[in-house]
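Have a look at the structure below, then the notes.
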Amino acid sequence: MLFNSIEFGFFLPIIFMLYWFTNRDLKLQNSLLLLASYFFYGWWDWRFLSLIIASTLIDYSIGLGLRRFKSRRSKKMLLSTSIIVNIGLLGFFKYFNFFIDSFSGAFTFFGQSMDEFTLKIVLPVGISFYTFQTLSYTIDVYKSKLEPTKDFLSFAAFVAFFPQLVAGPIERASNLLPQMQKKRRLKPLNAAEGVRLILWGLFKKIVIADNLAPAVNDIFTNYNLYTSEVLVLGVVFFAFQIYCDFSGYSDIARGIAKLLGFELMVNFNFPYFSRSIGEFWRKWHISLSTWFRDYLYIPIGGSKVGKSKGIRNVFIIFLVSGFWHGANWTFIIWGGIHALLFVPSYISGNNRKYLNSITSNRLLLPKFGDFVRILCVFILVTFSWIFFRSESVSMAIEYIHGIFQFSISPGPYLNPYDNQLLVQELLLVSFLVIIEYLLITRTISLTPKLKSIDLVIDAVLVVMILLKTPVSNNLSFIYFQF
Amino acid sequence: MKIFLYRFVSTLFLSAIILETVLRVFQLAGSTLPEVNHDGNRMLKPGIEGTWIKGGLGEVKSHYSINSQGWNSIIDFDEIDPLKTSIALIGDSYIQGLHVDVENSIGRLLESDSSDYFVHEYGRDGANIADFLMVYEAWVKGNYEYTFILVSNRNLNEFQPSFMNQGLSIPSESILRRVYNDSYLIRYLNINHGLLLKINSLFRDGPVFLQNSDSDSCIDLELVAGQVTIEEIFMGFDSTVVFVYQLGTVDTSLIENHRHLKVNHQVFPISYGFDGHWNLNGRINCANSIHTYIQSPMH
């Protein structure tokens, strides 16, 4: 079920009413939440519910086992089991065919064909998200950072919590699980903030991402027919499309969670206003980058193992992060590009620079130097998106080659989209940039204050969403495929 | 909870007022084309013309004109020029062509390919193979040198005519209908965005877990409506009729025993995903494919 679908329009109000109706009994409320979450996921394909349930049962039992067994060896075995099961599921469903395809070339060289081993595997929606979420639980329990829970219902509801089940934010058990175990209250301000976040998320998804999607799809599908400036436009539009698509989903997830009395972590913090790649990664998909930092980068030594090993660790974390996004070399190269961009600041020790906001000096506009840095980071990040969006490495290279042809003559046919649409899309992107900048400078705020003007703002958002919903909008969120 | 519900309802109410105002001022809501009972058939009202609107902010805006016979065409179908090659196109909304200006319909594009052609387009949205056969028998059979029928799986799954012989099923003007016609907001949600269709499909199809995953896009050849099978319907057409199709939208085994023609898409058939229909490029491709077929000595 998608947040922007008609069925969710029925699902959420019904669950919302039932949820608060059962507020006096926490167990009943959590049972409802769990059932609602399974229904939400099962709407897509009920068969894959078994994966979530299996993952829940295994990690819940391992959590309890980690408390019961005192020997280090037993604990290690239990943790290994959790890692093998979760990564095994992810590996099979997401990466099996990738490895078969990647190695088939080598086998063909020796006269063997591996085509027969390629399976028709359907990638379960959100598997990368919920396996990481449950893994964080067992690792935290293993490291004694978290007490294992005996409350199976709360644990199952934590794993399957529907607002963030299929595309994050990847919540830590230490944040979400305690919230599952205590009584929730619907506070008017929190609820109003939840509604505002949902509307803002839908605005980003429907009004901006969905309206940019056709142009992006068109340009990336027919990249060999377009001139340089159109190719540049295509990747710039994609940069905003993926940001609005994904951060929009995160905002909606946070908004729904607020309506249910939960607080989820902020997943995006205006990443396109970053002044360095390090700052970009502190602001983009925060729940994933902090997950990799805490459960991969630091355990392998982080930056405390000397420069050369530190550089190795940086590459590992970025390459794995790329691979997490999908079983394709394009994602690995995308991760590699970010590692290359990050390493210079790592070597010079500037990677922790720019921890403050661009407007901490309370100026309305950023300093000229900051403005140039923001522009440079945006260009570099946008360049890397070419690999992320392309279907193959060769396509990405041809796309880049097309950009550097510097051709401005029309292609074999006239540009298929008319200027009116192009102007509309540019206006939408500009509108987003201005609003986000005003949000950073705190000239405006997304947090409502329960005043009449807030009703008007919400109403205007509803109107804009309804007016700019494309006829056959691309309902699905990009990050569902990961 | 009370405060929240009060604010929520107020927001919805305010949004509705703003939206109704905006839609009225900028004329952004689509409207249903009026229908009449014409010789027992449910036809569009002859003589009307205007702008057909779909999508947000007038995403699709095109000029339509209903001729004397109730088809969307700038020419009447009352006479056939004996000095030219006569062509009949039969189909559903793709042939009706509300998504582009009526001046750029497939027929007019085909006529621009050769001054020797004159084309009549018998297209009606929602039409199916039963309608096609009845249209063919009523107006086309024996009158044209060439007959092309554009088909897709959607047309071949239904055997009950949707507009032929359905003239008596046109609903009378009820109060509810008047409210519907007067409300820009409701029309916008329903016509521009197909709200009712989406809700209907939700309750008709139900959750994915209740559907049989093996039944996707399969056509049951044994499906019988009024004891008529699809093969029997196909037998009603002469062997000269050419079934036109777009790759991927039809089960080609159904038409492989008949004359058939694949639309050769050379320019992008769909621009910006404006619903599933072709834009002008798709119509150009279709017209060019038919033109190439007629010019080819092979057929």
Checklist outcome for this item: Counting only residues in the range A:145-187 that are basic (Lys, Arg) and under 26 Å from the mean Cα position of the chain (by Cα), the one least open to solvent (accessible area, probe 1.4 Å) is identified as A:Arg172
Item to check | When residues of the range B:155-177 are limited to those that are open to solvent by 100 Å² or more (accessible area, probe 1.4 Å) and among the hydrophobic types (A, V, I, L, M, F, W, C), the one nearest to B:Leu133 (Cα to Cα) | outcome: B:Leu168
Item to check | When residues of the range B:32-57 are limited to those that are in contact with a helix residue (DSSP H, G or I) (Cβ under 6 Å, 6 or more places away or on another chain) and surrounded by fewer than 20 Cβ atoms within 10 Å (Cβ to Cβ), the one farthest from the other protein chains (Cβ to nearest Cβ) | outcome: B:Gly40
Checklist outcome for this item: Going through (1) in contact (Cβ under 8 Å) with a residue 40 or more places away in the chain; (2) over 30 Å from B:Tyr245 (Cα atoms) one by one, B:His99 fails only at (2)
Checklist entry - Hey, does the range A:235-249 have a residue that's open to solvent by less than 10 Å² (accessible area, probe 1.4 Å) and closer than 16 Å to A:Asn30 by Cα? => result no
Next on the checklist: Would you confirm whether or not the range A:475-482 contains a residue that is facing chain B (nearest Cβ under 9 Å), closer than 16 Å to A:Ile198 by Cβ and modelled with pLDDT under 85?
Outcome noted: no
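Looking at A:Lys204, A:Lys183, can you tell me which residue is in contact with a Cys (Cβ under 6 Å, 6 or more places away or on another chain) and either among the charged types (D, E, K, R) or more than 26 Å from A:Leu466 (Cα to Cα) (or both)?
Values: A:Lys183 fails: in contact with a Cys (Cβ under 6 Å, 6 or more places away or on another chain).
It is A:Lys204.
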Checklist entry - Within the range A:41-59, is even one residue open to solvent by 70 Å² or more (accessible area, probe 1.4 Å) and over 25 Å from the mean Cα position of the chain (by Cα)? => result yes
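I'd like to check something: does the range B:18-31 contain any residue that is away from chain A (no Cβ under 14 Å) and in a loop (DSSP other than H, G, I, E, B)?
Keep residues of the range B:18-31 that are away from chain A (no Cβ under 14 Å), which gives B:31.
Now restrict to residues that are in a loop (DSSP other than H, G, I, E, B): B:31.
The answer is yes, given that some residue of the range B:18-31 is away from chain A (no Cβ under 14 Å) and in a loop (DSSP other than H, G, I, E, B).
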Item to check | Failed condition for B:Val100, given (1) part of a loop (DSSP other than H, G, I, E, B); (2) away from chain A (no Cβ under 14 Å) | outcome: (2)
Checklist entry - Considering the range A:367-391 alone, what residues qualify as being open to solvent by less than 40 Å² (accessible area, probe 1.4 Å) and under 24 Å from A:Gly326 (Cβ atoms)? => result A:Val377, A:Phe378, A:Val381, A:Thr382, A:Ser384, A:Trp385, A:Ile386, A:Phe387, A:Phe388, A:Ser390
Checklist entry - Out of curiosity, is B:Tyr122 hydroxyl-bearing (Ser, Thr, Tyr) and assigned to a helix (DSSP H, G or I)? => result no
Item to check | Hits in the range A:431-475 (condition: under 25 Å from B:Gly194 (Cβ atoms), in contact (Cβ under 8 Å) with a residue 12 or more places away in the chain and in a loop (DSSP other than H, G, I, E, B)) | outcome: A:Lys468, A:Thr469, A:Pro470, A:Asn473, A:Asn474, A:Leu475
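Can you find a residue in the range A:211-233 that is over 29 Å from A:Ala173 (Cα atoms), within 14 Å of another protein chain (Cβ to nearest Cβ), of a type in the set (A, V, I, L, M) and under 18 Å from the mean Cα position of the chain (by Cα)?
yes
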Item to check | Tally of residues being open to solvent by 10 Å² or more (accessible area, probe 1.4 Å) and within 19 Å of B:Lys262 (Cα to Cα) across the range B:115-146 | outcome: 1
Next on the checklist: Being open to solvent by 10 Å² or more (accessible area, probe 1.4 Å) and under 27 Å from A:Val141 (Cα atoms) is the requirement here; does A:Leu288 meet it?
Outcome noted: no
Next on the checklist: Could you go through the range A:432-444 and let me know if any residue there is in contact with a helix residue (DSSP H, G or I) (Cβ under 7 Å, 6 or more places away or on another chain) and either open to solvent by 50 Å² or more (accessible area, probe 1.4 Å) or at the interface with chain B (Cβ under 10 Å from one of its Cβ atoms) (or both).
Outcome noted: yes
Next on the checklist: Checking the structure you have, find out if any residue of the range A:313-321 is out of contact with any Phe, Trp or Tyr (no Cβ under 6 Å at 6 or more places or on another chain) and among the hydroxyl-bearing types (Ser, Thr, Tyr).
Outcome noted: no
Checklist entry - (1) in a helix (DSSP H, G or I); (2) open to solvent by 20 Å² or more (accessible area, probe 1.4 Å); (3) away from every other protein chain (no Cβ under 14 Å); (4) more than 30 Å from A:Lys187 (Cα to Cα): which one isn't true of A:Lys70, the others all being true? => result (1)
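Please pick out the residue among B:Ser271, B:Ser201, B:Ser239 that is polar (S, T, N, Q), in a helix (DSSP H, G or I) and either at pLDDT 85 or above or open to solvent by less than 50 Å² (accessible area, probe 1.4 Å) (or both).
B:Ser201
From the list A:Met1, A:Met17, pick out the single residue that is within 30 Å of B:Met1 (Cα to Cα) and either in a helix (DSSP H, G or I) or modelled with pLDDT of 90 or more (or both). Spell out the reasoning first.
Working: A:Met1 fails: either in a helix (DSSP H, G or I) or modelled with pLDDT of 90 or more (or both).
Just one listed residue meets the conditions, A:Met17.
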Checklist entry - Tally time: how many residues in the range A:402-436 are in contact with a Lys or Arg (Cβ under 9 Å, 6 or more places away or on another chain), modelled with pLDDT under 90 and of a type in the set (A, V, I, L, M, F, W, C)? => result 1
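The values are calculated or read from the model by the stated rules, or taken from the named source; none is laboratory data. Bear in mind the structure is a predicted one, so any value in this text is a computation, not a measurement. In this analysis, Cβ positions are derived from the backbone assuming ideal geometry, glycine residues included, and neighbour counts consider all displayed protein chains. Each accessible area value is taken on the protein alone, full model and side chains, heavy atoms only, with ligands, DNA and RNA left out. Shrake-Rupley method; radii C 1.70, N 1.55, O 1.52, S 1.80 Å.
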